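Below is one structure, written out as structure tokens; the observations come after it.
The values are calculated or read from the model by the stated rules, or taken from the named source; none is laboratory data. Since this is a predicted model, take the numbers as computed values, not measurements. FYI the Cβ positions are ideal-geometry reconstructions off the backbone, even for glycines, and counts take in every protein chain you see. For accessibility, only protein heavy atoms count, side chains too; no ligands or nucleic acids. Shrake-Rupley method; radii C 1.70, N 1.55, O 1.52, S 1.80 Å.
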Amino acid sequence: MSDQNLIIIGKNSYIGGYFTKYAVDNSNNVISLSSKDCNFLESEQVEKFFRKINNNQPYTIVCFAGISRLLANSFDSYNENIKIVNNLIKYGQQTNLQSIIYFSSVDVYGSKPCLPIGEQSKIEPDSWYGLAKYSSEWMLISSGEVKCPVTILRIPGIYGNAPNDRSVIRKIASSIKNEQRVYIKGSGQNLRDYVFLGDLCNLLELLIPLQYHGIINVATGQSHAIIDLANLVAEISQIQFEVIHQPPEVEREFDLRFDTQKLMSLVPNFRFTSLEEGIRSYFQESRQNSTGE
């Protein structure tokens, strides 16, 4: 990735912040933006930013920016997510764009997907957030407005010990460490696919040079129940815990399991970090502190 010129939009987000550090360490030319540097909801700021970019160099844009489902899931947040992408499309093409990588979500498949989920599975968003992500995908890849290759990455659950981590695994690890209990909504049997944050950065390094035009589900192909995650955390930490069952989130009571053939065809030698190894990242720092290492 050292020869790539990158523009990272959303450097203060959980994934964006981690990838920004990774990119700065591995690339010679990285421009990273937070909303304070350039608010993509403000068209004048976006136009001004891209007008300053050196057009003699080709750039790849990696876009993490957006209003997450955890922050807001409303008609207003839908409009804001669309506005971010609209400004990216409208003004981003003022520069010499080599490609765009856009972070979408598996929420585009809705809460009743047929399993396993592939890139050709039925799109049926049932939230403002999922609809915003799918609308943004269409704008970038199907509208004809963007002239460079666009890689859409549909992301499931991401986890890993880093700032702004709000993942389910982080919450489980934290509650077991600090309270010796874990809070499970519903039965805890719903299946999810969890991708380690470091793996996502390694995948980006492989995908950026490919300039692939299309949609990719980023998933390990291995799904796990929440209660099994809790038991694995307890095994790794060697902490006994109490399960506190809470009322289920009815809209999140469904399984996710993915067909990863597309991803593996593009990066055939890539191997994901095991869930056990990834979870250990939440305990390494505390163990080093306790041993004085």
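Just checking, does region 279-293 include any residue being touching a Gly at 6+ places or on another chain (Cβ under 7 Å), assigned to a helix (DSSP H, G or I) and in contact (Cβ under 8 Å) with a residue 12 or more places away in the chain?
Looking through region 279-293, at least one residue is touching a Gly at 6+ places or on another chain (Cβ under 7 Å), assigned to a helix (DSSP H, G or I) and in contact (Cβ under 8 Å) with a residue 12 or more places away in the chain.
Where residues in region 216-232 are open to solvent by 10 Å² or more (accessible area, probe 1.4 Å) and of a type in the set (S, T, N, Q), which of them is modelled with the lowest pLDDT? Break it down into steps so the answer makes sense when it comes.
Initially, region 216-232 is screened for residues open to solvent by 10 Å² or more (accessible area, probe 1.4 Å), giving 220-224, 226-228, 231-232.
Checking the rest, the ones that are also of a type in the set (S, T, N, Q) come to 220, 222-223, 231.
Values: Thr220: 98, Gln222: 96, Ser223: 97, Asn231: 93.
Ranking the qualifying residues of region 216-232, first place goes to Asn231.
What residue, among those in region 237-274 that are open to solvent by less than 40 Å² (accessible area, probe 1.4 Å) and modelled with pLDDT of 95 or more, is farthest from Val182 (Cα to Cα)?
In this case the residue turns out to be Val267.
Rundown of residues vs (1) closer than 25 Å to Asn231 by Cβ; (2) without any contact (Cβ under 8 Å) to a residue 12 or more places away in the chain; (3) in contact with a strand residue (DSSP E or B) (Cβ under 9 Å, 6 or more places away or on another chain); (4) of a type in the set (Asp, Glu), yes/no style:
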| site | (1), (2), (3), (4) |
| --- | --- |
| Ser111 | no, no, no, no |
| Leu115 | yes, no, yes, no |
| Lys133 | no, no, yes, no |
| Val150 | no, no, yes, no |
| Ile158 | yes, no, yes, no |
| Arg166 | yes, no, no, no |
| Ile169 | yes, no, yes, no |
| Tyr183 | yes, no, yes, no |
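Among the residues that make up region 199-215, is at least one of them modelled with pLDDT of 95 or more and assigned to a strand (DSSP E or B)?
yes
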